[in-house]
Amino acid sequence: MCEKKELELYVHIPFCVRKCAYCDFLSAPADTQERTLYIDALTEEIRARKNDFTAYRVSTIFLGGGTPSILEGGDSARIFRALQENFDISDDAEITMEVNPGTVTEEKAASWRKSGVNRLSIGLQSADDRELKMLGRIHTYREFLDTWKIVREAGFENVNVDLISATPGQNLRSWSETLRKAADLGPEHISAYSLIVEEGTPFYERYGDGSGEDEDKGNHLPPLPDEDTEREIYKATEKILAEYGYHRYEISNYAKTGYECRHNLGYWERKEYLGLGLGASSLISECRFHNTADMGKYLRLYENAGTDICEDIEHLSVEDQMEEFMFLGLRKTVGISVDDFRKAFGKEIREVYGEQMRKLEEQRLIEYSGNRVRLTERGTDISNYVFSEFMF
């Protein structure tokens with residue numbers, strides 16, 4: 001019997017209590033009826049995918065959003081039951097669920113545990129209530145601590161805390177306070193992302209032109225930190241978290257030994273993954289595609305099983321695959337393996353990228369360590385520039 005191939009699953013829950021000021025994710029508030037219809041369609045999609053993936057064994061599941069914890073325990077249990085009935089899930093699969101303070105109860109936490117969830121990711125973002133209000137979060141730091149207590153008492157021993165740096169008016173001192181408050185609790189993993197002002201968000205209306213002023217609404221927010229402050233914040237993050245026993249294993253992710261997020265590592269290592277739900281993206285057999293982002297069309301999946309909801313199907317060329325191998329793999333602090341490149345593409349890495357690598361080495365942006373290539377500290381500071389050098 002052939003050994004089964006590895007597969008990761010991402011399940012999208014496009015609902016939230018209220019959109020945050022910086023959020024450009026596919027999510028929106030919805031009433032109970034729409035949520036129920038969505039769960040109906042989602043479980044139908046899960047069943048419809050069954051026969052296409054009998055040769056795979058699922059190693060990780062990630063329920064993201066939106067705010068998956070907005071669902072009642074029975075709804076999330078329906079989703080996990082459908083997954084278990086229609087996919088071959090490994091006994092040691094990492095099963096993560098995103099949760100937000102203000103939407104977590106003891107009953108829900110107990111239901112998640114019963115459904116097999118063994119990792120939670122809590123969206124704190126900041127330990128400063130003033131910053132939370134500016135970000136448009138629905139919770140306070142106190143409510144985060146209440147959520148923290150609930151999930152620990154429910155028995156969750158693998159928990160991530162999400163933080164956002166370089167927010168309006170933030171400085172190194174205020175960021176350090178947030179970081180230390182989070183680390184003092186002892187989560188197994190901390191994600192510390194720098195704020196990106198995305199077009200189409202309320203923050204873009206205020207900061208898109210760099211002014212921070214919204215004349216129509218009469219609102220004013222503090223300016224965003226300058227580049228020097230942002231760089232100080234980034235460097236301080238690694239130093240402070242190291243004091244608490246966390247190591248940086250990816251540009252924005254820190255973990256205690258053995259608690260690196262397996263699901264996200266799969267993305268950076270280009271493992272195959274299937275996206276389920278509204279707008280969810282997939283990478284299967286070197287083909288990228290995503291589900292429709294049209295809720296009406298997605299909901300019709302339930303009424304008409306087999307409805308084609310896949311869009312923008314892209315068959316990746318060898319050059320596309322090489323590009324992704326480089327700019328995704330270099331996000332990890334261990335970098336990329338020269339041997340893995342040779343096995344994947346039948347060519348030496350310098351045969352393909354010799355000129356680019358010589359240039360980046362001379363600029364001290366990448367370095368060799370054994371058979372691996374990784375970003376230097378300076379290269380990490382300007383990682384987007386380094387990644388662009390590997391685009392054909």
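The values are calculated or read from the model by the stated rules, or taken from the named source; none is laboratory data. Just so we're clear, the structure is a prediction, and the values are computed from it rather than from any experiment. With ideal geometry, Cβ positions are generated from the backbone for all residues, glycine too; neighbour counts draw on all protein chains shown. Remember, those area values only see protein heavy atoms, side chains included, never the ligands or the DNA or RNA. Shrake-Rupley method; radii C 1.70, N 1.55, O 1.52, S 1.80 Å.
Values as computed for the structure displayed
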{"read-out": "Residues of the range 175-207 satisfying the condition of being assigned to a helix (DSSP H, G or I) and at pLDDT below 95", "value": "PRO202, PHE203, TYR204, GLU205, ARG206, TYR207"}
{"read-out": "Matching entry among LEU37, LEU42 (being open to solvent by 10 Å² or more (accessible area, probe 1.4 Å) and farther than 19 Å from ALA154 by Cβ)", "value": "LEU37"}
{"read-out": "Qualifying position, being under 30 Å from TYR207 (Cα atoms) and in contact (Cβ under 8 Å) with a residue 12 or more places away in the chain, among ALA110, ALA166, ALA82", "value": "ALA166"}
{"read-out": "Hits in the range 152-171 (condition: at pLDDT 95 or above and over 20 Å from the mean Cα position of the chain (by Cα))", "value": "ARG152, GLU153, ALA154, GLY155"}
{"read-out": "Selection count, the range 126-153, where residues are over 17 Å from PRO187 (Cβ atoms), part of a helix (DSSP H, G or I) and among the hydroxyl-bearing types (Ser, Thr, Tyr)", "value": "0"}
{"read-out": "Verdict on VAL117 being more than 20 Å from GLU157 (Cα to Cα), open to solvent by less than 10 Å² (accessible area, probe 1.4 Å) and at pLDDT 95 or above", "value": "no"}
{"read-out": "Identity of the residue in the range 375-387, open to solvent by less than 60 Å² (accessible area, probe 1.4 Å) and part of a helix (DSSP H, G or I), that ends up nearest to PHE325 (Cα to Cα)", "value": "PHE387"}
{"read-out": "Qualifying position, being of a type in the set (D, E, K, R) and at pLDDT 95 or above, among ASP312, ASP308, ASP320", "value": "ASP320"}
